[in-house]
Structure formats: structure tokens, C-alpha cells
Amino acid sequence: MNNGREYQEKKRVLFFGLPWTFTDYTIGQEILTIHTGFLKKEENYCYMYKIQDVKLTSTLAERIFGLSTITCYTGDVTHPQLSLSHIKHAREIKDFILEAAEEARQKRRTMNTLDIGTGDA
């Protein structure tokens with residue numbers, strides 16, 4: 001699961017939480033990768049420093065089978081929201097993502113800013 005620097009997880013079928021899907025998640029210190037597809041393969045990447053916020057949700061069905069969904073809100077233009085759906089160990093992975101994102105921002109000396117507008121138009 002966690003070798004200290006990276007998480008590997010599979011999207012699972014909600015029923016019984018079995019990993020019978022073709023979606024893999026790799027969460028490392030610097031980058032989050034989502035591999036999807038069987039006939040048509042697709043890889044989506046997001047640098048950790050671009051992740052601004054993380055949300056953990058668990059529906060009743062997910063809780064029954066020990067699963068949760070993590071939604072990452074990013075500053076990435078192509079993927080402003082990345083969802084890691086129906087995964088195990090979601091709370092641990094969410095905490096890892098938050099810590100890795102903060103460390104990556106500090107390493108790059110970037111920070112999140114919010115444009116609240118000044119009213120000057």
C-alpha cells in the first residue's frame with residue numbers, strides 16, 4: 001500500500017468493493033496519476049502543488065463496503081476536479097495528499113491565492 005512515498009489503489013466496484021475496474025490511481029509525493037481504460041487507455045496527471053483542496057465523501061453503500069471517494073480541487077486547467085472513486089484507505093490517502101500538496105507548494109515556493117475582486121472594473 002504505502003512504501004513511505006507513494007500509494008497505489010484501484011477503483012473498485014461498489015458492490016462488495018472488489019477491484020474489477022480498469023482504473024488505477026498512483027499518488028506520489030510530486031504527482032497524482034489516474035490510469036483508466038481497457039481498449040482505450042488514458043492517463044491523467046496532476047502535480048501535487050496544483051491541488052488546492054481535498055474532499056472525502058462516503059455514501060451509505062460505500063461505508064457498508066469500506067470505501068470512500070476523494071475529490072481533489074486543483075488549479076489545473078484541463079482537470080479542475082479529480083475524483084478517486086470507491087477506494088479503500090481513503091482517509092489515510094486524503095491526509096497524504098494534503099500533506100504532499102503542502103510540501104510541494106513550499107518546495108516550489110508557490111501559494112494558493114483567491115481573487116476576491118477589488119470592485120475596480
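The values are calculated or read from the model by the stated rules, or taken from the named source; none is laboratory data. Since this is a predicted model, take the numbers as computed values, not measurements. Don't worry about glycine lacking a Cβ; one is built from the backbone with ideal geometry, like all the others, and counts go over all protein chains shown.
Against the conditions (1) loosely packed, with under 13 Cβ neighbours inside 10 Å; (2) touching a residue at least 12 places away in the same chain (Cβ under 8 Å); (3) in contact with a strand residue (DSSP E or B) (Cβ under 6 Å, 6 or more places away or on another chain); (4) over 21 Å from Glu102 (Cα atoms), where does Leu67 fall short? Just the number, please.
Single failed check for Leu67: (1).
Which residue is modelled with the highest pLDDT, if the candidates are limited to region 1-31 and must be farther than 22 Å from Gln106 by Cα and of a type in the set (Phe, Trp, Tyr)? Break it down into steps so the answer makes sense when it comes.
Just the residues of region 1-31 that are farther than 22 Å from Gln106 by Cα, to begin with: 1-3, 8-25.
With the extra rule that they be of a type in the set (Phe, Trp, Tyr), the set shrinks to 15-16, 20, 22, 25.
Details: Phe15: 70, Phe16: 67, Trp20: 76, Phe22: 88, Tyr25: 92.
Step by step, filter region 1-31, then rank; the result is Tyr25.
Among the residues of region 32-50, are any surrounded by 14 or more Cβ atoms within 10 Å (Cβ to Cβ), charged (D, E, K, R) and modelled with pLDDT of 85 or more?
Yes, region 32-50 contains a residue that is surrounded by 14 or more Cβ atoms within 10 Å (Cβ to Cβ), charged (D, E, K, R) and modelled with pLDDT of 85 or more.
Taking the criterion of being at pLDDT below 95 and touching a Ser or Thr at 6+ places or on another chain (Cβ under 7 Å), would at least one residue in region 54-65 satisfy it?
Yes, region 54-65 has at least one match.
Please go through (1) in a loop (DSSP other than H, G, I, E, B); (2) under 12 Å from the mean Cα position of the chain (by Cα) for Thr71 and return the number of the only condition it doesn't satisfy.
Going through (1) in a loop (DSSP other than H, G, I, E, B); (2) under 12 Å from the mean Cα position of the chain (by Cα) one by one, Thr71 breaks only (1).
Could you list all residues from region 1-20 that are surrounded by 14 or more Cβ atoms within 10 Å (Cβ to Cβ) and either without any contact (Cβ under 8 Å) to a residue 60 or more places away in the chain or not in a loop (DSSP other than H, G, I, E, B) (or both)?
Answer for region 1-20, where residues must be surrounded by 14 or more Cβ atoms within 10 Å (Cβ to Cβ) and either without any contact (Cβ under 8 Å) to a residue 60 or more places away in the chain or not in a loop (DSSP other than H, G, I, E, B) (or both): Glu6, Tyr7, Glu9, Lys10, Pro19.
Applying the selection to region 78-110, what residues are without any contact (Cβ under 8 Å) to a residue 60 or more places away in the chain and either in a helix (DSSP H, G or I) or among the acidic types (Asp, Glu) (or both)?
Of region 78-110, the ones without any contact (Cβ under 8 Å) to a residue 60 or more places away in the chain are 78-83, 90-91, 94-95, 98-99, 101-102, 105-109.
Answer for region 78-110, where residues must be without any contact (Cβ under 8 Å) to a residue 60 or more places away in the chain and either in a helix (DSSP H, G or I) or among the acidic types (Asp, Glu) (or both): Ala90, Arg91, Lys94, Asp95, Leu98, Glu99, Ala101, Glu102, Arg105, Gln106, Lys107, Arg108.
Residues of region 43-59 being in contact (Cβ under 8 Å) with a residue 12 or more places away in the chain and not in a strand (DSSP E or B), which ones? Please lay out each step first, then the result.
Looking only at region 43-59, we keep the residues that are in contact (Cβ under 8 Å) with a residue 12 or more places away in the chain, and these are 44-58.
Correct list: Met48, Tyr49, Lys50, Ser58.
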